[in-house]
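Step one of this worksheet: look at the structure below.
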Amino acid sequence: MNGEHFIYLLWVGLAIALITAAITDIKSRTISNRLNIMIALGAPVFWIASGMQLWPDMLIQIGIAAIIFTIFTGFFALGAMGGGDVKLLGAIALWLHWIPLVQMLIVMSIAGGVLTALMMIRNRINKTPGPIKVPYGVAISFAGLFVIWGDQATKLYERYFNHFT
């Protein structure tokens, strides 16, 4: 297996982990610490496989993830997000350069808004009292998959189909 195939395998592993996070968040409204740790620990493997340098690449990636984790910890403190969601965002931030990360956050915000609206409608139809418990890991995972798929599809297109144009 060459390095490029290994990198794709790592992306597939991340995608599987994101799907797992979404499913468990729907079922139990929790995202396990073990899953978040596995995602975070996969990032350095990805960095090395993709040829990132310790300075400045890896340290910048860690800094960006720390900023994301800090910002969303504020949302957790306000009661707007669960702790698993915050840890999932921090772990994903270790994988994505800042532009795809911003794209992911935008998609996550839109998906989260739609998901919240759907949960509100469901609660009204079912006449469920109390606060809405939104499985925000679904929006985070959807956005992560959206960015990963878009990035990888673009790379595959450029590699295999650009010579036809």
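The values are calculated or read from the model by the stated rules, or taken from the named source; none is laboratory data. None of these values were measured; they are calculated from a predicted model. Here the Cβ positions follow ideal geometry from the backbone for every residue, glycine too, while neighbour counts run over all protein chains shown. Side chains included, ligands, DNA and RNA excluded: accessible areas come from the protein's heavy atoms. Shrake-Rupley method; radii C 1.70, N 1.55, O 1.52, S 1.80 Å.
Which one of Ala17, Ala43, Ala65, Ala22 is touching a residue at least 60 places away in the same chain (Cβ under 8 Å), part of a helix (DSSP H, G or I) and of a type in the set (A, V, I, L, M, F, W, C)?
Details: Ala17 fails: touching a residue at least 60 places away in the same chain (Cβ under 8 Å); Ala43 fails: touching a residue at least 60 places away in the same chain (Cβ under 8 Å); Ala65 fails: touching a residue at least 60 places away in the same chain (Cβ under 8 Å).
None of the others qualify; the one that does is Ala22.
Could you pull out the residue among Ile92, Ile71 that is open to solvent by 40 Å² or more (accessible area, probe 1.4 Å), outside any loop (DSSP other than H, G, I, E, B) and within 26 Å of Gly42 (Cβ to Cβ)?
Ile71
Looking only at region 95-109, which residues are of a type outside the set (A, V, I, L, M, F, W, C), more than 20 Å from Phe75 (Cα to Cα) and not in a loop (DSSP other than H, G, I, E, B)?
Result: Pro100, single match.
With the requirement that a residue be closer than 13 Å to Leu145 by Cβ and buried (at least 17 other Cβ atoms within 10 Å of the Cβ), what does region 12-24 give you?
Across region 12-24, the qualifying residues are Leu14, Ala17, Leu18, Thr20, Ala21, Ala22.
Does Trp47 count as modelled with pLDDT under 95 and over 14 Å from the mean Cα position of the chain (by Cα)?
On the way: modelled with pLDDT under 95: no; over 14 Å from the mean Cα position of the chain (by Cα): yes.
For Trp47, the condition - modelled with pLDDT under 95 and over 14 Å from the mean Cα position of the chain (by Cα) - is not met.
Restricting to region 25-51, give me the number of residues that are out of contact with any Leu (no Cβ under 7 Å at 6 or more places or on another chain) and either of a type in the set (Val, Ile, Thr) or crowded, with 17+ Cβ neighbours inside 10 Å (or both).
Going through region 25-51 one residue at a time, the tally reaches 7.
Across region 74-89, what is the total count of residues that are crowded, with 16+ Cβ neighbours inside 10 Å and either closer than 19 Å to Gly51 by Cα or not hydrophobic (A, V, I, L, M, F, W, C) (or both)?
Matching residues across region 74-89 total 4.
Among the residues that make up region 27-39, is at least one of them part of a helix (DSSP H, G or I), closer than 14 Å to Gly144 by Cα and polar (S, T, N, Q)?
Within region 27-39, one or more residues are part of a helix (DSSP H, G or I), closer than 14 Å to Gly144 by Cα and polar (S, T, N, Q).
Scan region 1-10 and tell me whether some residue there is touching a residue at least 12 places away in the same chain (Cβ under 8 Å) and either crowded, with 20+ Cβ neighbours inside 10 Å or not in a helix (DSSP H, G or I) (or both).
Of region 1-10, the ones touching a residue at least 12 places away in the same chain (Cβ under 8 Å) are 3, 6-8, 10.
Checking the rest, the ones that are also either crowded, with 20+ Cβ neighbours inside 10 Å or not in a helix (DSSP H, G or I) (or both) come to none.
No - not one qualifying residue is present in region 1-10.
Just name the residue that is nearest to Leu59 (Cα to Cα) out of those in region 25-40 that are in contact (Cβ under 8 Å) with a residue 60 or more places away in the chain and within 15 Å of the chain's Cα centre (by Cα).
Step by step, filter region 25-40, then rank; the result is Ile31.
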